[in-house]
Protein chains: 6
Amino acid sequence: MTRHDNRLGNELRPVKIETEYLIHPEGSVLISVGNTKVICTATIEDRVPPFLRGSGKGWVTAEYSMLPRATGQRTQREATRGKLGGRTMEIQRLIGRALRAVTDLEALGERTIWVDCDVIQADGGTRTASITGAFVAMAMAADKMVQQHDLKKFPITDFLAATSVGVIEEDKLVLDLNYIEDSAAAVDMNVVMTGQGAFVELQGTGEEATFTRDEMNGLVSLAEAGIEQLFLHQKEALGSIAERIGKEVGEEG
Amino acid sequence: MTRHDNRLGNELRPVKIETEYLIHPEGSVLISVGNTKVICTATIEDRVPPFLRGSGKGWVTAEYSMLPRATGQRTQREATRGKLGGRTMEIQRLIGRALRAVTDLEALGERTIWVDCDVIQADGGTRTASITGAFVAMAMAADKMVQQHDLKKFPITDFLAATSVGVIEEDKLVLDLNYIEDSAAAVDMNVVMTGQGAFVELQGTGEEATFTRDEMNGLVSLAEAGIEQLFLHQKEALGSIAERIGKEVGEEG
Amino acid sequence: MTRHDNRLGNELRPVKIETEYLIHPEGSVLISVGNTKVICTATIEDRVPPFLRGSGKGWVTAEYSMLPRATGQRTQREATRGKLGGRTMEIQRLIGRALRAVTDLEALGERTIWVDCDVIQADGGTRTASITGAFVAMAMAADKMVQQHDLKKFPITDFLAATSVGVIEEDKLVLDLNYIEDSAAAVDMNVVMTGQGAFVELQGTGEEATFTRDEMNGLVSLAEAGIEQLFLHQKEALGSIAERIGKEVGEEG
Amino acid sequence: MTRHDNRLGNELRPVKIETEYLIHPEGSVLISVGNTKVICTATIEDRVPPFLRGSGKGWVTAEYSMLPRATGQRTQREATRGKLGGRTMEIQRLIGRALRAVTDLEALGERTIWVDCDVIQADGGTRTASITGAFVAMAMAADKMVQQHDLKKFPITDFLAATSVGVIEEDKLVLDLNYIEDSAAAVDMNVVMTGQGAFVELQGTGEEATFTRDEMNGLVSLAEAGIEQLFLHQKEALGSIAERIGKEVGEEG
Amino acid sequence: MTRHDNRLGNELRPVKIETEYLIHPEGSVLISVGNTKVICTATIEDRVPPFLRGSGKGWVTAEYSMLPRATGQRTQREATRGKLGGRTMEIQRLIGRALRAVTDLEALGERTIWVDCDVIQADGGTRTASITGAFVAMAMAADKMVQQHDLKKFPITDFLAATSVGVIEEDKLVLDLNYIEDSAAAVDMNVVMTGQGAFVELQGTGEEATFTRDEMNGLVSLAEAGIEQLFLHQKEALGSIAERIGKEVGEEG
Amino acid sequence: MTRHDNRLGNELRPVKIETEYLIHPEGSVLISVGNTKVICTATIEDRVPPFLRGSGKGWVTAEYSMLPRATGQRTQREATRGKLGGRTMEIQRLIGRALRAVTDLEALGERTIWVDCDVIQADGGTRTASITGAFVAMAMAADKMVQQHDLKKFPITDFLAATSVGVIEEDKLVLDLNYIEDSAAAVDMNVVMTGQGAFVELQGTGEEATFTRDEMNGLVSLAEAGIEQLFLHQKEALGSIAERIGKEVGEEG
């Protein structure tokens, strides 16, 4: 089976992660997954939301947005409409939750990591590209923080990446859907996994359609294989910082 | 294994679906799942959102809300805050999407079914109880609509119900989490299925935790068994209307 | 004279006040006045609005809302519109003001009683049913508070109930208007009274119409008689708590 | 009995109504009642709200606002806060409703009269001064409209004015409360009446207090006498237009 | 060259500044420039915005609004729309910035001067009339503040006034444009100057047009001459307060 | 005189304009002016705002935003705050107005050009860089439109670019201020000019400071020289499209 862009069913689009993309943030990347491009930044703030004050624990929170012309048709800005749409809220909640799963909030101390994912070009899979890129930006910011604040432990406990899988043309299972495939897919599943191979999020949705248990299993396997490749891209982007993940400070290498 | 409320791991809480709960709506139920109570109503509107005008197709949309004291602590009203929270938006998008999976939007014609789920008492599982109850309210409204508008086909194609499953106390898989269990669960999964046994939504989330593929499989099996029981409650509540689901008009019985 | 629902002009609709309707709030009732049904809850919060901080005095505030299908036509949610309508604001200001008239704010101490009135079914008179029901919920919450906080005085000083009266069919004065009557009424008057027979609020409004002084007097008399009956329903609902109203703690019975 | 400003209990503050205060509106006045000063304008718009389209009937709607320094302490602008407060909404609903009671909406045709009441200086009684002044602005605009649109009937059917009365110092009934009196009053009543002596609105409110039926009667009588004097001021301000009120066009004089 | 209202190109409209226009504010004027009328008030608040707390410095901030019928067509209220428009924000930022240029924020101490400019009638030049009037209101408030708070230095350092100039009918340079001229002008320039003859703001804008450097110079000269006359009006309005501007307290006269 | 980044007073920062930066928009550039980087896109929409419907004329409108970490400190998103700030509104009004000055709105026909300027990295001069870059994106979109819609005339009539100039260190006039200079500048002036050397906008502002007429003239000369260089960058970026500006279709070359 080949796809309209000549990929195999289990083939990712080309992935590129440019680090230190912007000069101001503590961590920043431009991640490209095919034509999908997202600027991910991580900011360290020395305080936490009210519900954590005095707890000794930190927090990770994410915001997600698309430029108006990230898409084929111009999308009205949410700032102009005066409110965030449901899709945006759902995505930013997902990104934050996923990143927290690999963050040692106690090691972080009473600090917040703000992750911003701004999609400058969209071609399907923007939320999963955001997670994959945001992880790298966050790890880079964590590294700076460890150096400046004398943390004993690197606060990121494991790798984290995400991809989408789906069912197209009735019964074909495919990895990493682009916009055309995503629009036509009967079933769409987003999978977020850790470097240890555990699931953090699994969101399978039939779009005016349903899926069987066999399809569920096939999709999950496809996602697992794709995410393994994304970890390699992350490691390459992070260089020596990759070795600190999940370690005590000074322990790595 | 027994739980703090003495249920077995694979045991649902007591379920009750009162139909015709309110006098005004075309369909209305009060669904109770343990202490969780939701008023679900269905309203038929003779027009569709702009993107469907002239298409001959209908739409199903859902809104979800909680009374301020549905919860142990008073929650500020979203009307007072002036905007919907991310959790509310995510839930109402989920409910609408799930109901559309069993609606024949062409058979519905250019009409919108508005589903309102108002939680008057919350004890975990409000979104899944909303889906299970909303399905019954929608089927009742569809029945009235068929009688009044001469539809050729009953526009609901299959049964639909939902439940939650999760991992508590490190490794125990349990069905239908109440609030205490939900708060403590490492993993939480919402499953929406059709009467034919297909999945519509599968949303598994690690809360600052992860889950393995084996756990995923165990949770899905537990959910399947629970949802089978919910279908029986729906059939009892719907009475003769249950026979029309998925049929041409005049074909049932 | 009989009315379209066969009531006499001075006859209330059937009234029912179910207490402890919900498990979480400190006080809660479901009040039915004919087909009008309102869930009223009372919540005690251990702080006051800024303008009362340090004053030693408490506050009572109310919020009012209707489910979208409380009405014959679906009403858009105010949370979705992003703001409260004028009618809602006017009603919740009225409810709060009325309840404060029978609350000893100094005996309450620096606490706020939040009263929530959620109309689940509307058939005229929702604001007056809300006041009548909210009084019972508030008295129950006050009773719990007295037990837990060692107040010296029961902070509710008198009974409080409300009804509507109006002029229909040109010159007929009627008590407790339902929706059909209310829509057709030339004059509509809401009356809130205390157990001692004093007025707290009197709001008479000509709807594109006017009323004479004689009509004013007739309407007020009709309301007085109706409210006397509502006090009996409240006393029955409150049971022994009714005896504490207006008393020092320990003094009742 | 004399009051802190040496008025008798049944004495209005000095009233002044300047007509044609602004050059642009179809009708405009600056009304002063003591130190309370309100700019009232009336605008004719050749369309009606959606619920009246095609009905042949018109509408009257009012908006009310205060300059930030109309008051002793600066009040934050509602435009800056991004929403109207409950008090503002309540007042503008009252003004609109009151004016509609003396407007022949069918004679008006499918037109809207927008009434704007902007308080430039506040010293109690701003809502009643607004009604009294707005009536004059509206009558002036109606006169222009009759001349330009060939209406057969003058669309204002009767005079309309309003004042406040209240109970101060435990048991003194007073007319036309200024800010100091209003702040200290136990009971406050706003009364709106027509030239024929009928009531349009009667809103009596105990402020953490109550009032007896005798007090109600005394307050209403006091208001009636005060409003009679306001009609004289309106007639003087309107000049020959006053004669057209309630008449067929051509009939007056 | 004469203009449609018979003014010469370099002629201001009649200017009138009524001081102590309202009883409550610390400073208030009604300024008229032709038919443009603005109520300007100044309020002293004993605190500063967060970014200045502890700095020992004060702040000046301005708000600007128009009554709905200040204009020929009724303008919707920004409070009703729920947000400030871009034009309003731009104008109030300009007014605040201009006034701060002649305020010694250190001499002011940690206080905020709130300036409110409410246009009751608009005929072009509302922003420049606001600045010219607001300066007088602010100086009057500063005078009261000096008397009450023992400031060592009068916190206003110089006079400040503003006018508009523009190019009409292709190439005529005119001073103080009214609404008709402003609507037809190809180029519009607002100039704010100090008593010492220095510029504070210079905003020249081609409205779907452009202007040459010669035109720029001609417009600036015209504005300088006009503003000189506005200073005379301000001095007359301020009387003896005018002598304190730019002086140590006790030094003037 | 040299500056902290070793530039001469009349020296621009390095300028780079990358065209066709994004795949979806009709025109898109990434403009860099030193470290300031802005993505500018132009979108053609086949309709106009209500006030132009039926006029045969088109419109140009602009929106401006900054990524949260475009700046040294993270800035809260306006979408999250729910409203646009005054600075944003002022800038997007300026950009739209400037672009309209070189657009033949009649040649454009009833179409809207939406220009979006998203600052991904900020180091001073973001509004002027936005104008300079947006002009290029708009010209590219106009070129596509001419090819697809058979316009007779290229709808862009002239080049357009902008820069900032200012007074630093008391009396030094400098071109193209970066963030550090801008923060310290006593006077800041933004200048927008056309290829013909005419001014479109001239906005000089004293920041708690003033400027003389001589300084005004010096600043304007400095800006003129800088903008001449920006035109060269635009021409290079546009290539053959540059020749069509201001011409009939088919006339160029």
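The values are calculated or read from the model by the stated rules, or taken from the named source; none is laboratory data. Fair warning: this is a prediction, and the values are worked out from it, not measured in the lab. Cβ: placed from backbone, ideal geometry, glycine included. Neighbour counts: every protein chain shown. The protein model used for the area step is the full one, side chains on, heavy atoms only, and it has no ligands, DNA or RNA in it. Shrake-Rupley method; radii C 1.70, N 1.55, O 1.52, S 1.80 Å.
Residue count for segment F:170-208, restricted to those that are at the interface with another protein chain (Cβ under 7 Å from one of its Cβ atoms) and either small (G, A, S) or over 22 Å from F:E228 (Cβ atoms) (or both): 5. Among the residues of segment E:69-100, those that are among the basic types (K, R) and under 19 Å from F:R97 (Cα atoms) comprise E:R87, E:R93.
Within segment E:71-81, the residues that satisfy the criterion of being out of contact with any His (no Cβ under 7 Å at 6 or more places or on another chain) and over 11 Å from D:R77 (Cα atoms) are E:Q73, E:R74, E:T75, E:Q76, E:R77, E:T80, E:R81. The single condition among (1) within 14 Å of chain D (Cβ to nearest Cβ); (2) surrounded by fewer than 24 Cβ atoms within 10 Å (Cβ to Cβ) that C:W114 does not meet is (1). For the residues F:T210, F:T194, the requirement of being free of Cβ contacts under 8 Å to residues at least 24 places away in the same chain, hydroxyl-bearing (S, T, Y) and either buried (at least 22 other Cβ atoms within 10 Å of the Cβ) or in contact with a Ser or Thr (Cβ under 8 Å, 6 or more places away or on another chain) (or both) singles out F:T210. Tell me, yes or no, whether segment A:48-62 has at least one residue that is surrounded by 15 or more Cβ atoms within 10 Å (Cβ to Cβ) and either polar (S, T, N, Q) or closer than 24 Å to F:K37 by Cβ (or both). The answer is yes; a qualifying residue exists.
Residue check: is E:A137 among the small types (G, A, S), over 26 Å from D:L22 (Cα atoms) and not in a strand (DSSP E or B)? In short, no. Each residue in segment A:66-101 was checked for being open to solvent by less than 40 Å² (accessible area, probe 1.4 Å), farther than 26 Å from F:R47 by Cα and either of a type in the set (S, T, Y) or within 11 Å of chain B (Cβ to nearest Cβ) (or both), and 13 of them qualify. Annotation note: Cβ proximity below 6 Å between a residue of segment E:9-34 that is within 9 Å of chain D (Cβ to nearest Cβ) and a residue that is among the aromatic types (F, W, Y) (sequence gap 6+ or interchain) occurs for E:S28/E:Y21. Summed over segment B:137-157, the residues that are open to solvent by less than 10 Å² (accessible area, probe 1.4 Å) and among the polar types (S, T, N, Q) give a count of 0. State which residue is farthest from C:F159 (Cα to Cα) when the search covers only segment C:220-229 and only residues that are more than 10 Å from every other protein chain (Cβ to nearest Cβ) and crowded, with 18+ Cβ neighbours inside 10 Å. Across segment C:220-229, the extreme among qualifying residues is C:L222.
Candidates are the residues of segment F:198-207 that are open to solvent by 10 Å² or more (accessible area, probe 1.4 Å) and modelled with pLDDT of 95 or more; the one that is farthest from E:V191 (Cα to Cα) is F:A198. Within segment B:222-243, residues that are under 10 Å from B:A162 (Cα atoms) sit with their Cβ atoms under 9 Å from residues that are among the aromatic types (F, W, Y), at 6+ positions apart or across chains, in these pairs: B:L230/B:F159; B:F231/B:F159. Take the conditions (1) of a type outside the set (G, A, S); (2) more than 22 Å from D:L175 (Cβ to Cβ); (3) open to solvent by 10 Å² or more (accessible area, probe 1.4 Å); (4) in contact (Cβ under 8 Å) with a residue 24 or more places away in the chain; D:D123 misses just one of them, which is (2).
In summary, A:A134 fulfils each of the numbered conditions (1) within 12 Å of another protein chain (Cβ to nearest Cβ); (2) within 17 Å of A:A237 (Cβ to Cβ) with the single exception of condition (1).
Of the set (1) at negative phi; (2) within 14 Å of chain F (Cβ to nearest Cβ); (3) surrounded by fewer than 22 Cβ atoms within 10 Å (Cβ to Cβ); (4) not basic (K, R), all apply to E:V249 but (2).
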